[in-house]
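Below: one structure, written as structure tokens.
The values are calculated or read from the model by the stated rules, or taken from the named source; none is laboratory data. Fair warning: this is a prediction, and the values are worked out from it, not measured in the lab. With ideal geometry, Cβ positions are generated from the backbone for all residues, glycine too; neighbour counts draw on all protein chains shown.
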């Protein structure tokens, strides 16, 4: 095989590709007018018609088209791909393309249209507890859609050499990318060679986009016979979510039952929709003991770009909404949210309460209480909360920001990682390890291991099998025997891969003494549809202390305390860096103008075994909830939607109570 430097040498003659995208949100394509050939020579233009009946990415049972075929479904949807030898000519050509639309009048009816049947889950009978003997507290939480556009361009290189299509790309799902090219271009998998590149994808933005760009670039390379460089801006879209909780409880704060409803907008082309429901369910079901719960999740479509992972599949925002609801419930009965939480999880069994255990299986749930107590004690939470509340009650009501603007918030809960047990049961993800005759070990996964992850996996293997690190190899992603392990998202490299790897290595070590080499052991993810949706080996608590800059109307984060109980930690320093980065990212996403130059006190303990775990999704949700709690106390009004901007804060300062309700109302929110 030629070296990469020879195949993808940009000093040689090559094509440069750009996308032409729609300028309307929804409409039928009436006509496409291209510039004259006299003005632009040697241009290659591709559209949906060039892919025949294909031209889409298939993700389980759902599809995402490469190009708009007859009509556009959102603003910015690709219509054409243009390739030329000069970047300036390609840009000018794209600008000269004229696309005429017949605007659809039913856009408003289309937006918010339900996609599929609602996902409904129940535990017990809530009707038994919503009666005249119980108090009822209801709250809402909204996540407005927002995006991160500062992610640069996704670049893909494609060239056909000796009948084989070579793709140079950064992707989180290389096996899926090869299958997408093969399915759409009608070629064999063995004729597609991926040259994977290092990547940084904090929002999991490289799951689907690389498959689209690589397939289009491959077709351009086949038709032109040239090296192709194709690029498109990367944008990560956070989905719109509207969450309501209605909880029946006794006057002393004892919870009886909860009814949760979530409407989530996945844009024009939903994908992973069933798994989105599973992840949101895990965030909506409370950590605190209750007798019954009903959950209803509705997915809707709209004339907006397809929402992607944005770091998870909705779990963290659902967790944030749930934690904020119970903080507000505690405040409504005159209790500090932190103390109320501590009282709820005292004397909890190790596997958790029956309600939470039915969704998130755990073996160390009794460690949640100590994490709450740790952050309360370390942050002086009770003293600060009381001091802030008293200062607000004594301040002049005309302008709460001038008189007092400090706040402290708390959140606690479990974290999840990877896909649900249901998708693992249906997809049967697996990996294998092979001990060769020369006693070298080959690991077969469909996931590309970067240097740090490879070091973690090698260290894991060597704890079970006595083998030098230099004798451990990872099978090439282009090998015909490569197994499908799904996308590298949701901390799956830490979770599912590590657990499967340990299981396979343990079995190999057991058999190698009486088996002939080479010996291959395949480890398949064992899950049943009757299992809890997720296994959780990570739980913790977060406290955030802040004040409001009364001039800039922006939050100034003073201190953040984090305490987590985890499974096995492979690399402590990497974990701490990941936690700091997650917190900083949440602060900038939720409060774009906040100052995050704060003190972070992050502490964790771990189990003695090798149970893999990740705190990322849970930390994201808990940081969001604690931040909103702190902002609500600092502003004197309960915030119920994110992101929070300076205009929102100004509106609250001007007594624009439509943004929130009083955070110090004892009865606020009761029905």
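Overview of results
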read-out: Residue selected from the range 25-46 under the condition in contact (Cβ under 8 Å) with a residue 60 or more places away in the chain, touching a helix residue (DSSP H, G or I) at 6+ places or on another chain (Cβ under 9 Å) and closer than 28 Å to residue 210 by Cβ, by the criterion surrounded by the fewest Cβ atoms within 10 Å (Cβ to Cβ); value: 34
read-out: Filtered residues of the range 636-664 (kept if touching a helix residue (DSSP H, G or I) at 6+ places or on another chain (Cβ under 7 Å) and either closer than 20 Å to residue 389 by Cα or modelled with pLDDT under 80 (or both)); value: 636, 637, 638, 639, 649, 652, 653, 659, 660, 663, 664
read-out: Condition met for residue 205 (part of a helix (DSSP H, G or I) and either farther than 23 Å from residue 454 by Cβ or assigned by TED's automatic domain parsing to the domain that holds residue 46 (or both)); value: no
read-out: Subset of the range 171-192 (residues that are closer than 16 Å to residue 222 by Cα and in a loop (DSSP other than H, G, I, E, B)); value: 186, 187, 188
read-out: Of all residues making up the range 450-463, the number that are buried (at least 19 other Cβ atoms within 10 Å of the Cβ) and closer than 19 Å to residue 521 by Cα; value: 4
read-out: Subset of the range 48-63 [out of contact with any helix residue (DSSP H, G or I) (no Cβ under 7 Å at 6 or more places or on another chain) and either outside the structural domain of residue 97 (by TED's automatic domain parsing) or surrounded by 18 or more Cβ atoms within 10 Å (Cβ to Cβ) (or both)]; value: 48, 56, 59
read-out: For residue 214: the one exception among (1) without any contact (Cβ under 8 Å) to a residue 60 or more places away in the chain; (2) within 28 Å of residue 323 (Cβ to Cβ); value: (2)
read-out: Test: residue in the range 47-59 that is part of a strand (DSSP E or B) and more than 16 Å from residue 215 (Cβ to Cβ); value: no
read-out: Residues located in the range 368-403, provided they are modelled with pLDDT of 65 or more and touching a strand residue (DSSP E or B) at 6+ places or on another chain (Cβ under 6 Å); value: 368, 371, 372, 374, 375, 378, 379, 381, 384, 385, 388
read-out: Residue check, residue 280 closer than 20 Å to residue 74 by Cβ, outside the structural domain of residue 201 (by TED's automatic domain parsing) and outside any loop (DSSP other than H, G, I, E, B); value: no
read-out: Subset of the range 432-449 that is in contact with a strand residue (DSSP E or B) (Cβ under 9 Å, 6 or more places away or on another chain) and part of a loop (DSSP other than H, G, I, E, B) - its residue that is surrounded by the most Cβ atoms within 10 Å (Cβ to Cβ); value: 445
read-out: Residue within the range 420-431 that is exposed (fewer than 15 other Cβ atoms within 10 Å of the Cβ) and farther than 23 Å from residue 519 by Cα present; value: yes
read-out: Positions within the range 217-236 being modelled with pLDDT of 90 or more, outside any strand (DSSP E or B) and touching a helix residue (DSSP H, G or I) at 6+ places or on another chain (Cβ under 9 Å), in sequence order; value: 218, 219, 222, 223, 226
read-out: Where residue 210 falls short, out of the listed (1) part of a strand (DSSP E or B); (2) crowded, with 24+ Cβ neighbours inside 10 Å; value: (1)
read-out: Elements of type strands (runs of 3 or more DSSP E) in the range 509-603, at least 2 residues being crowded, with 23+ Cβ neighbours inside 10 Å and touching a residue at least 24 places away in the same chain (Cβ under 8 Å); value: 534-536, 538-549, 554-566
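Yes or no, residue by residue, for (1) assigned by TED's automatic domain parsing to the domain that holds residue 266; (2) surrounded by fewer than 23 Cβ atoms within 10 Å (Cβ to Cβ); (3) at pLDDT 90 or above:
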site: 315; (1), (2), (3): yes, no, yes
site: 320; (1), (2), (3): yes, no, yes
site: 328; (1), (2), (3): yes, no, yes
site: 335; (1), (2), (3): yes, yes, yes
site: 340; (1), (2), (3): yes, yes, yes
site: 363; (1), (2), (3): yes, yes, no
